[in-house]
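Beneath this line is the structure, given in structure tokens, with notes to follow.
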Amino acid sequence: MALVITDEVLQKTNLSEKELLTDIACYLYEKKKLSMGKAKELAGLNQLQFQAALAEREIDIHYSITDLQQDLDNLKIELDIK
């Protein structure tokens with residue numbers, strides 16, 4: 001499916017195509033509709049660029065205790081969190 005945003009609508013936003021895509025991607029990520037990987041792909045940004053875009057919009061990165069434990073397991077580090 002393709003989403004078409006007319007030039008007229010884009011001009012009304014006072015955003016470039018890239019800025020609008022980044023805003024949409026950040027919004028969808030914030031609402032947990034897209035993973036970070038898919039959101040940064042939609043925005044056409046790399047990991048650091050997308051994280052910077054989230055920070056500019058004061059959107060927290062979704063990172064749970066489970067994510068932390070998986071990262072620690074991958075690094076073979078034990079941490080007792082209670």
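List of remarks:
- Exposure proxy ranking, count of Cβ atoms within 10 Å, fewest first, for D71, D23, D60: D60, D71, D23
- With the cut-off at under 19 Å, measuring from each backbone N in the stretch 33-65 to a point 7 Å along the Cα-to-Cβ line of L3 picks out 33-46, 50-51, 53-54, 57, 59.
- Theoretical ellipticity at 222 nm over the chain - DSSP helices of four or more residues, -39500 (n - 2.57) apiece, nearest 500: -18000 deg cm²/dmol
- Inter-label distance for L20 and K32, nm, one decimal - labels placed 7 Å from Cα along Cα-to-Cβ: 3.0 nm
- Only alpha carbons enter this Debye calculation for the chain, each as an equal point scatterer, and the log10 of I(q)/I(0) it gives at q = 0.20, 0.25 Å⁻¹ is -0.94, -1.18.
- Burial ordering of Y27, Y63, fewest other beta-carbon atoms within 10 Å first: Y63, Y27
- Farthest toward the positive end of the dipole of the chain, out of I24, S64, L3, is the Cα of L3, where the dipole comes from beta carbon charges about the Cα centre.
All of the numbers you see were taken from the coordinates with simple rules; none came from a lab. Bear in mind that the values here come from a model prediction, so they are computed numbers and not experimental data. Using ideal geometry, Cβ is built from the backbone for each residue, glycine included, and neighbour counts are taken over all protein chains shown.
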